[in-house]
Every structure is written in structure tokens, then in C-alpha cells.
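The values are calculated or read from the model by the stated rules, or taken from the named source; none is laboratory data. No experiment lies behind these values; they were computed from the predicted model shown. Virtual Cβ from ideal backbone geometry, glycine too; neighbours counted across all protein chains shown.
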Amino acid sequence: LQPLPDKSPVGKLSNGSFSRYAGCENFSQLPLSKKTKDGLAAAKYKNMTDIQRASLPHSLCGRDILGAAKTGSGKTLAFVMPVLEKLYRARWGPEDGVGCIIMSPTRELASQLFEVLKSVGKFHGFSAGLLIGGRKDVDSEKEHVNDLNILVCTPGRLLQHMDETPNFDCSQLQVLVLDEADRILDVGFKKALNAIISQLPKHRQTLLFSATQTKSVQDLARLSLKDPEYLSVHEES
Ligand code: ADP
Ligand code: MG
């Protein structure tokens, strides 16, 4: 038996699909649906930021991500795009229910990322809802929550639906996103997050983004991350 040469196809198979897009600078170079490309163009996004360039080749291939980059570096698009593409490729439709949950620690941050999702995702047919509590009537929300494909929520409000909404169903979840993951993994959300995680299917893609790298083994075990790609992007000085 001959040892495999260095440039064997075996080596290529293991990382070929994402290394192909590793050097891309523009969104147009990525393997995206026309609907997402049109959404990006309409919002005038052209060049990727560092965290987008580093993470999208992996996240678009379905890999789990633990991404760290400072505030203002464009982390929102880094998870909104793989969410849209995953549901699009799965031909997710109105009857398929909740396919993605995006959690954010505060109502304000959840509202902001919801706007980005609506803007970049405007040519897709998915339904999305902002579940953040406050003054909004939870009872009317309960009637619609099972019809939504993408939930953008705070942990508290999501748990309230899990506890109170009849037939609340996220058994088909494809992607879980934790925005500002370090804050959601913090002690203040521990009980809520554990309760939420215990009700989510383990077979899913999980994307974690925050300003600081969270690498606590315990946290990663809690979230059942599968061979995650650790990405930490810092500006060169
Ligand atoms: P973070 O979540 O890392 O704090 P945001 O996702 O909120 O950052 O993005 C910060 C700002 O950068 C927003 O105004 C957003 O519109 C802008 N932005 C994000 N990605 C790009 C891009 N590829 N090109 C130009 N501007 C971008
Ligand atoms: Mg952000």
C-alpha cells in the first residue's frame, strides 16, 4: 500500500467545499441564491467585512461557528445570510413552521437585527416574527407563532411561548443563532437558556457570534456544538 501523496483527493474532500470560497472579497463571489444576492444589492452591500469573509465560507456549508469580532464589524449579516440560504436550499415553506431561531439578549438588539433580516431577506418568501415582549400583546402573538419560519427573539419571550403557547413546535429547527452569545451564555440567562435548549432538536446548525470569544467547554457542551469553527477577527494595528 502506498501512502497517499500530499495533494490527495482525500485531503481536498475534507475541506474543499469551503476553502474554495476562502479568498472571496465580494458577496457576488459566494454561492448564494439570487434572492439573497438581490437583497444584498438592494441594501447596497458589496464587499464583505472581515468576520463575514472569515465565517461565510464555513457557515454556508452548514458548519457550526463560534465567531468573535468587535462591535460594528458586521456580525449580523454573517448569520442572517446562512439562515436565509439554509431555509432556501431546504425549500422551506409556509407549512414547514419554525426553521430558525435567532436569539438576542435585548429587545433593542433583536429589533435591529430583525430590520436587517427584513431588508436583506425581502425577496425571500419566508415569514419572520419579532418576539421580544414588552407592550406587544402576547396572546395575538401566540396565534401566529407557529406560522413563522424565522423567530427573532429574546430568551425570555421565547421561553414564554415554549411554556404557554399551545402546540408551539420547533421540532424541525434547522438553525439556532445566538447573537451576542457571550451575553446570552452569561449567568443571567442561564436558567432560561437551559430550558430553551432542552426543547430544541440537537441535529441543527448552531451559529454563535459575539464581541469576545467564548470558548467555555461547558457552554459548548450545553449547546451541543458539532466540531465548531472558531473564528476570531481583530483589526490589525
Ligand atoms: P455588529 O453586530 O458586529 O456590531 P452590525 O452587524 O450591526 O455589527 O453592522 C455594523 C454596521 O456595518 C451596520 O451599519 C451595517 O449595515 C454595516 N455593515 C455590515 N456589513 C457590511 C458590509 N459588508 N458592507 C458595508 N457595511 C456593512
Ligand atoms: Mg450585533
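Assorted remarks:
- Some residue of the range 58-66 being within 14 Å of ligand 2 (Cβ to nearest atom), part of a helix (DSSP H, G or I) and modelled with pLDDT of 95 or more: no
- Residues within the range 32-57 that are part of a helix (DSSP H, G or I), in contact (Cβ under 8 Å) with a residue 60 or more places away in the chain, farther than 17 Å from Lys226 by Cα and among the small types (Gly, Ala, Ser), tallied: 3
- In the range 88-141, of all residues being at negative phi and among the basic types (Lys, Arg), the one that is surrounded by the fewest Cβ atoms within 10 Å (Cβ to Cβ) corresponds to Arg135.
- Residue in the range 120-143 that is in contact with a Pro (Cβ under 9 Å, 6 or more places away or on another chain), under 23 Å from Ala22 (Cβ atoms), among the small types (Gly, Ala, Ser) and assigned to a loop (DSSP other than H, G, I, E, B) present: no
- Residue match in the range 177-184 (condition: within 16 Å of ligand 2 (Cβ to nearest atom), in contact with a Pro (Cβ under 8 Å, 6 or more places away or on another chain) and more than 24 Å from Gly62 (Cβ to Cβ)): yes
- Of all residues in the range 88-108 being more than 11 Å from the chain's Cα centre (by Cα) and outside any loop (DSSP other than H, G, I, E, B), the one that is farthest from ligand 1 (Cβ to nearest atom): Glu95
- Criterion violated by Ala68 - all others in (1) within 12 Å of ligand 1 (Cβ to nearest atom); (2) in contact with a helix residue (DSSP H, G or I) (Cβ under 6 Å, 6 or more places away or on another chain); (3) among the hydrophobic types (A, V, I, L, M, F, W, C) satisfied: (2)
- The range 195-218 - residue that is surrounded by 12 or more Cβ atoms within 10 Å (Cβ to Cβ) and out of contact with any strand residue (DSSP E or B) (no Cβ under 9 Å at 6 or more places or on another chain) and, of those, farthest from Leu176 (Cα to Cα): Ala195
- Scanning the range 67-95 for residues that are within 16 Å of ligand 2 (Cβ to nearest atom) and aromatic (Phe, Trp, Tyr) returns a single hit, Phe79.
- Residue match in the range 186-199 (condition: assigned to a loop (DSSP other than H, G, I, E, B), in contact (Cβ under 8 Å) with a residue 40 or more places away in the chain and touching a helix residue (DSSP H, G or I) at 6+ places or on another chain (Cβ under 8 Å)): no
- Qualifying residues in the range 162-183 (those that are in a helix (DSSP H, G or I) and touching a Ser or Thr at 6+ places or on another chain (Cβ under 8 Å)) - the one farthest from Ala68 (Cα to Cα): Arg183
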